[in-house]
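The values are calculated or read from the model by the stated rules, or taken from the named source; none is laboratory data. Only a predicted model underlies this, so the values are computations on that prediction, with no experimental measurement involved. Please note: Cβ atoms are built from the backbone with ideal geometry, for glycine as well, and neighbour counts cover all protein chains shown. Heavy atoms of the whole protein, side chains included, go into the accessibility calculation; ligands, DNA and RNA do not. Shrake-Rupley method; radii C 1.70, N 1.55, O 1.52, S 1.80 Å.
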Amino acid sequence: MKVALYARVSTAEQTADNQVFELRRYCEARGWAIAEEFVDHGVSGAKDSRPALDALMAAARRRRVDAVVVWRLDRLGRSLRHLLLTLDELTSRGVAFVSLGEGIDTGTAAGRLQLHILGALAEFERERIRERVVLGLQRARRQGRVLGRPRQQPPTGATLADCSGLSVREAARVLGVSRSTAQRLLAAGRPKSHLGAA
């Protein structure tokens, strides 16, 4: 069993020595050979991309390791979405994952169950967020708020009269607006049959 250790500290003043010591001791007790150690110093767990983590994932993709061991889940990442994506990639490549703090070991049936529960909780939270967004939009509409990007108006000096007989593309260039805005302005000012191709 070739194992990669991953440790992380958020600030340059902190040290990952305690994490690494515990990880080494765990692997020694399990009889696992440590292939590589990856440590991110002074990097926030909120960042999806980190130098040591990126190198770890590259090693996992090349199957240079059979398992990844971390001290706690929050060392790997603070975002549940990022955690699940990372763990899903490791699992899909046949690389086991162990977190000492939470007792997760995806090399066991119980560990895989814990991972599925985490995934279900993340999906539940995504649905709750979606429901809150939909309810918020409905409430805003009931209150008469206009949603979406403000309508773009042509710059001062340019008028629809300047666009008489022009195609939508040419009118957009004259008015200094997008083609969709030019089409909307022209449609309001002349019959649709006279609009040129976009």
Filtering segment 155-172 down to residues that are hydrophobic (A, V, I, L, M, F, W, C), at pLDDT below 80 and assigned to a helix (DSSP H, G or I) yields Leu160, Ala161, Cys163
Under 7 Å between Cβ atoms, at least 6 apart or on separate chains: pull out the pairs that start in segment 7-21 with a residue that is without any contact (Cβ under 8 Å) to a residue 24 or more places away in the chain and end on any residue that is open to solvent by less than 90 Å² (accessible area, probe 1.4 Å) and among the aliphatic types (A, V, I, L, M). Thr15/Val9; Val20/Leu5; Val20/Ala7; Val20/Val39
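Okay, residues lined up against (1) under 15 Å from Val68 (Cα atoms); (2) at pLDDT 85 or above:
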site	(1), (2)
Leu84	yes, no
Thr108	yes, no
Arg112	yes, no
Leu135	no, yes
Gln153	no, no
Val174	no, no
Thr181	no, no
Can you tell me which residue within segment 69-111, out of those that are of a type in the set (Ser, Thr, Tyr) and touching a strand residue (DSSP E or B) at 6+ places or on another chain (Cβ under 6 Å), is farthest from Asp48 (Cα to Cα)? Thr106
